[in-house]
1. Residue by residue through the stretch 134-146, which ³J(HN,Hα) values in whole Hz follow from phi under the Karplus form 6.51 cos²θ - 1.76 cosθ + 1.60 (θ = phi - 60°), with glycine and proline marked x?
2. With an 8 Å cut-off on Cα pairs and a minimum separation of 6 or more residues, tell me the relative contact order of the chain in percent.
3. In terms of modelled amide H atoms, which long-range or inter-chain residues lie less than 5 Å from the amide H of Phe267?
4. Among Asp26, Asp249, Asp66, which one moves the most in a GNM of the chain with springs linking Cα atoms closer than 10 Å?
5. Please give, to one decimal in nm, the separation of the simple spin-label points placed at Tyr37 and Phe155, each 7 Å out from Cα toward the Cβ.
6. How many nm is it between the label spots at Asn25 and Ala13, if each spot is 7 Å from the Cα in line with the beta carbon?
7. What full-extension length gain, to one decimal in nm, is calculated for Glu172 and Glu279 as 0.36 nm per residue of separation minus the Cα-Cα distance?
8. Hey, any idea what % of the stretch 104-268's accessible area is carbon plus sulfur with a 1.4 Å probe?
Amino acid sequence: MTKVLVATVKPFAKEAVNQIKAVFNDAGYECIFLEKYQDNSEFLEAVKDADALIVRSDKVSPEVLDAAKNLKIVVRAGAGYDNIDLEAATAKGVVVMNTPGQNSNAVAELVLGMMVYQARNHFNGTSGRELKGKKIGIHAYGNVGKNVARIAKGFGMEVAAFDPFVPAEAIEADGVEVFKTAEEMYAACDYISLHLPANKHTIQSINYALMSKMKQGATLVNSARKEVVHEDDLLKIFEENSKFAYISDIAPDNRSVIEEKYPDRCFFTPKKMGAQTAEANINAGIAAAKQIIGYIENGDTTFKVN
Ligand code: 3PG
């Protein structure tokens, strides 16, 4: 019997778990859940006889891949697969996939939610600001960026984007202004929302040269990965741009310094919450389950990333 391990430190919603179980049950697969594990040794033990693995941001290291002697496929139920060692997986002949687009609305809704929270002074009762009429620049126009654009328009915001990998016509077709350089977009917007993957080209790429272009009092929103922002440069910007704010779904390593010095100009979720909705968990979890069955039964490699 094909055995699937779903390893999630941050568990899926109960409804999603039940639906994932039902999909594997119908296919005649065994499906085990390892949730909220405290130590990697629990993951290493659980994965050792699994044929397939579903994870979220759980780290799939060479050690995990070595322990998983029968493993054929790993699906990251989500978009970013920087938590999976692709080279080690490829060397072991393990297929890696993600489930693009399945949780993007959830992340985009959180982006606008955090923006309202910040613009209304953390709901502290004082007079805040509105989003209507302000300009948002979307840095990387993928599935999440596209959803942010749609929702921001509902707020009456002006929407712009920068993405050298997406044809300008495709962005313009959404009624979104295209910038040819990130610098120009950073200089023109009240909000910048980051949607870049974390890879060797993007890590620490949101640096002083870019952030110093931002308007006085502009807000940087990060629902991507903390690693894309250069944290020492971020502190410099806090010092120089007196009303600059940074709101992020992934707290920076220097969180305590920023929170202590600039409590009114930052907000960090307690843990990554963007994709933490029942709908996103169901969409991404079911897609992952179906992709595993499609690969094991028919060799379908749609969404393979290695
Ligand atoms: C993603 O890359 O899909 C998001 O960052 C969500 O990650 P999560 O599944 O750990 O919440």
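1. 7, 10, 10, x, 9, 8, 5, 9, x, 4, 6, x, 5
2. RCO, the chain: 19 percent.
3. Tyr246, Ile247, Ser248
4. Asp26
5. 3.8 nm
6. 2.0 nm
7. Extending this stretch completely gives an extra 35.7 nm.
8. Details: 3930 of 7690 Å².
The value for the stretch 104-268 is 51 percent carbon and sulfur by accessible area.
The values are calculated or read from the model by the stated rules, or taken from the named source; none is laboratory data. All figures in this text were calculated on a predicted structure; none of them were measured in a lab. Cβ: placed from backbone, ideal geometry, glycine included. Neighbour counts: every protein chain shown. Protein only, heavy atoms only, side chains kept; ligands, DNA and RNA dropped before computing areas. Shrake-Rupley method; radii C 1.70, N 1.55, O 1.52, S 1.80 Å.
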